[in-house]
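Peer 1: Starting off with a structure, shown below.
The values are calculated or read from the model by the stated rules, or taken from the named source; none is laboratory data. None of the values given here were measured: they were computed from a predicted structure. All Cβ positions, even for glycine, are placed from backbone atoms using ideal geometry, and neighbour counts span all protein chains on display.
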Amino acid sequence: MADNQDNQNAASTEQTGSPVFSLQRTYVKDLSLEMPNAPEIFLEQQAPTVSVEINVGAQRLAQTVFESSVTATVTTRIEDKVLYLVEANQAGIFEIDNIPAEQIDPLIGIVCPTMLYPYLRATIADAINRTSLPALHLSEVNFQALYEQRIAEQQGGAAESQQVQ
């Protein structure tokens, strides 16, 4: 009886064209940890400087299936020596269907990375924890601001290329 009801619900969703947005799976696509100056760097007493770079990517895998990914590169240095370098790429598979075309890009560029970022933060924290160095927890990221910045850069680049021609 429950299977019959589930089939009816699925059929009614297809008929009405209800929006579908769901996270199907998350996974670590790439993870790298380097400590090029160990063990000598453990003797340093200075506090390290930390640099964090965040990048977002996406690709369509099928008609209604997309992969979204967030990559973070964390570099810590003491003066000119690298204490550690961690790079992680957290990805997810999303089903997106019956969403207006103009809303898909913001959904993939803002909502999907926002959902993946906590997994990425945990992966990086775990990797750094394994170095026996003090923990580092990445701060929150405003993916909407990053998305808007990327769009502005693309529009600026398009305007520049039109002026050159």
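Peer 1: Report yes if ILE108 is of a type outside the set (Asp, Glu) and assigned to a strand (DSSP E or B), otherwise no.
Peer 2: Working: of a type outside the set (Asp, Glu): yes; assigned to a strand (DSSP E or B): no.
Against the criterion (of a type outside the set (Asp, Glu) and assigned to a strand (DSSP E or B)), ILE108 does not qualify.
Peer 1: Give the number of residues within segment 56-85 that are touching a Leu at 6+ places or on another chain (Cβ under 9 Å) and closer than 15 Å to TYR117 by Cβ.
Peer 2: 8
Peer 1: Hey, can you tell me all the residues within segment 86-145 that are of a type in the set (Phe, Trp, Tyr), without any contact (Cβ under 8 Å) to a residue 60 or more places away in the chain and in contact with a helix residue (DSSP H, G or I) (Cβ under 6 Å, 6 or more places away or on another chain)?
Peer 2: Initially, segment 86-145 is screened for residues of a type in the set (Phe, Trp, Tyr), giving 94, 117, 119, 143.
Pick out the ones that are also without any contact (Cβ under 8 Å) to a residue 60 or more places away in the chain and you get 117.
Result: no residue meets the conditions.
Peer 1: Scan segment 127-150 for residues that are of a type outside the set (Val, Ile, Thr), part of a helix (DSSP H, G or I) and surrounded by 14 or more Cβ atoms within 10 Å (Cβ to Cβ) and jot them down. So that I can check it myself, show each step before the final result.
Peer 2: To start, the set of residues in segment 127-150 that are of a type outside the set (Val, Ile, Thr) comprises 127, 129-130, 132-140, 142-150.
From what is left, the residues that are part of a helix (DSSP H, G or I) are 127, 129, 143-150.
Correct list: ALA127, PHE143, GLN144, LEU146, TYR147, GLU148.
Here's the yes/no breakdown for (1) part of a loop (DSSP other than H, G, I, E, B); (2) of a type outside the set (A, V, I, L, M, F, W, C); (3) over 21 Å from the mean Cα position of the chain (by Cα); (4) at pLDDT below 95:
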{"position": "ASP3", "(1), (2), (3), (4)": "no, yes, yes, yes"}
{"position": "ASN7", "(1), (2), (3), (4)": "no, yes, yes, yes"}
{"position": "LEU23", "(1), (2), (3), (4)": "no, no, no, no"}
{"position": "THR26", "(1), (2), (3), (4)": "no, yes, no, no"}
{"position": "ILE41", "(1), (2), (3), (4)": "no, no, yes, yes"}
{"position": "VAL52", "(1), (2), (3), (4)": "no, no, no, no"}
{"position": "ASN55", "(1), (2), (3), (4)": "no, yes, no, no"}
{"position": "ALA58", "(1), (2), (3), (4)": "no, no, no, no"}
{"position": "PHE66", "(1), (2), (3), (4)": "no, no, no, no"}
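Here's the yes/no breakdown for (1) among the polar types (S, T, N, Q); (2) more than 20 Å from LYS29 (Cβ to Cβ); (3) modelled with pLDDT of 95 or more:
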{"site": "ASP80", "(1), (2), (3)": "no, yes, no"}
{"site": "ASN89", "(1), (2), (3)": "yes, no, yes"}
{"site": "PHE94", "(1), (2), (3)": "no, no, yes"}
{"site": "ILE108", "(1), (2), (3)": "no, no, yes"}
{"site": "THR114", "(1), (2), (3)": "yes, no, yes"}
{"site": "ILE124", "(1), (2), (3)": "no, no, yes"}
{"site": "PHE143", "(1), (2), (3)": "no, no, yes"}
{"site": "ILE151", "(1), (2), (3)": "no, yes, no"}
{"site": "SER161", "(1), (2), (3)": "yes, yes, no"}
